[in-house]
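Encoded as structure tokens, the structure appears first; notes follow it.
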Amino acid sequence: MLIKRSPNGINLPFSSEITPRAVFEARRSFIKQAALGSISSAALLEMLSRDAYAQGNNPKLAAKLNPAYSVQDKQTAYKDATTYNNFYEFGTDKSDPAHNAGTLRTRPWTVSIEGEVKKPMTLDLDALLKLAPLEERVYRLRCVEGWSMVIPWIGYSFSEIIKKVEPTGNAKYVEFISLADKKQMPGVGSRVLQWPYVEGLRIDEANHPLALLTLGMYGETLPNQNGAPVRMVLPWKYGFKSAKSIVRIRFVKDQPRTAWNLTAPSEYGFYSNVNPDVDHPRWSQASERRIGEDGFFARKRKTLMFNGYNEVAPLYAGMDLKKFF
């Protein structure tokens with residue numbers, strides 16, 4: 001595909017290309033309102049002056065490093081990983097989640113596991129923390145927007161959940177449903193996506209050892225802006241596939257209708273595996289920018305198939321990955 005060049009000659013997507021048009025225009029609308037004075041000066045001052053949501057003060061989690069599932073890449077700085085986020089429930093700018101997610105209440109918290117299972121159950125956060133031994137795994141994270149990080153996550157394989165609930169033969173997919181509470185999540189009132197945020201996997205994908213039910217990062221419980229208190233991390237897929245702040249997990253017969261696939265099906269497929277050979281309709285996926293390591297205008301690094309996690313390749317044997325993107 002032909003990639004447009006920015007005015008300075010660097011081959012980078014424009015802001016309006018990286019972000020869906022509805023989000024980009026919403027930002028411009030806010031700036032316009034501020035300029036016209038339709039947003040009160042007091043509200044504007046408060047928004048501009050508030051500190052980022054506190055980081056580094058979360059309870060510690062005891063977890064052993066699992067070297068079999070840890071890459072040797074240089075880890076992204078904690079500050080970068082907790083202040084440069086996509087979590088539209090708290091706003092569409094990268095800094096919004098760190099600023100706004102302090103309103104999220106992570107206790108009490110329960111996750112309902114239901115659908116095509118023999119043993120449906122509802123687990124609170126303490127039960128999730130004790131369900132299986134916690135591991136630290138250092139995974140690459142690749143965003144569909146063309147940037148990446150390396151993060152030490154804490155959790156255990158989602159297969160541990162699968163064992164507990166015993167899916168029936170009718171369970172072909174797993175659906176993950178995030179919290180959507182306007183009182184806690186200011187972004188839920190927007191029209192950017194259909195709420196609640198829904199993601200999904202084929203059951204064999206969910207059962208792969210790399211699929212991590214995640215409860216912490218950097219030796220601590222998850223910060224709110226990173227999907228607290230429980231999320232999925234799927235390192236071979238683009239980041240938006242890893243549902244955050246999960247409240248329901250459903251085992252279902254039919255392929256789930258997922259948030260971004262509903263919003264822009266030609267841009268965000270159900271599988272969304274990292275694939276340098278399949279471009280996004282509006283930018284190349286052949287390379288990426290590593291946050292905190294490569295300068296914004298520095299030479300990008302080459303993107304790896306499945307983000308370098310080639311052990312998942314048998315899951316897609318015989319599939320046309322350009323069709324099933």
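The values are calculated or read from the model by the stated rules, or taken from the named source; none is laboratory data. For clarity, every value in this text was computed on a predicted model and none was experimentally measured. Heads up, the Cβs are rebuilt from the backbone with ideal geometry, glycines too, and the neighbour counts pull from every protein chain shown. Note: areas computed on protein heavy atoms with side chains; ligands, DNA, RNA excluded. Shrake-Rupley method; radii C 1.70, N 1.55, O 1.52, S 1.80 Å.
Some values worked out for this structure:
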read-out	value
Condition check for E293: outside any loop (DSSP other than H, G, I, E, B) and farther than 22 Å from E199 by Cα	no
Identity of the residue in the stretch 201-220, of a type in the set (A, V, I, L, M, F, W, C) and touching a Lys or Arg at 6+ places or on another chain (Cβ under 9 Å), that ends up most open to solvent (accessible area, probe 1.4 Å)	I203
Counted residues, the stretch 70-94 - those being farther than 25 Å from K182 by Cα and either open to solvent by 60 Å² or more (accessible area, probe 1.4 Å) or in contact with an Asp or Glu (Cβ under 6 Å, 6 or more places away or on another chain) (or both)	4
Qualifying positions in the stretch 197-215 - in a loop (DSSP other than H, G, I, E, B) and without any contact (Cβ under 8 Å) to a residue 60 or more places away in the chain	N207, A211
Residue within the stretch 95-110 that is touching a Gly at 6+ places or on another chain (Cβ under 9 Å), charged (D, E, K, R) and surrounded by fewer than 19 Cβ atoms within 10 Å (Cβ to Cβ) present	no
Residue match in the stretch 59-78 (condition: at pLDDT below 95 and touching a Leu at 6+ places or on another chain (Cβ under 9 Å))	yes
Filter result for the condition that a residue is of a type in the set (A, V, I, L, M) and open to solvent by 40 Å² or more (accessible area, probe 1.4 Å), over A171, A180	A180
Enumerated strands (runs of 3 or more DSSP E) restricted to the stretch 83-194, each holding at least 1 residues that are closer than 30 Å to P281 by Cβ, under 14 Å from the mean Cα position of the chain (by Cα) and in contact (Cβ under 8 Å) with a residue 24 or more places away in the chain	135-142, 147-157, 173-178
The stretch 112-128 - residue that is surrounded by 18 or more Cβ atoms within 10 Å (Cβ to Cβ) and touching a strand residue (DSSP E or B) at 6+ places or on another chain (Cβ under 6 Å) and, of those, farthest from Q255 (Cα to Cα)	L123
The stretch 260-283, subset assigned to a loop (DSSP other than H, G, I, E, B) and open to solvent by 40 Å² or more (accessible area, probe 1.4 Å), residue farthest from P108 (Cα to Cα)	D277
Residue selected from the stretch 221-259 under the condition outside any strand (DSSP E or B), open to solvent by 10 Å² or more (accessible area, probe 1.4 Å) and charged (D, E, K, R), by the criterion farthest from T303 (Cα to Cα)	K253
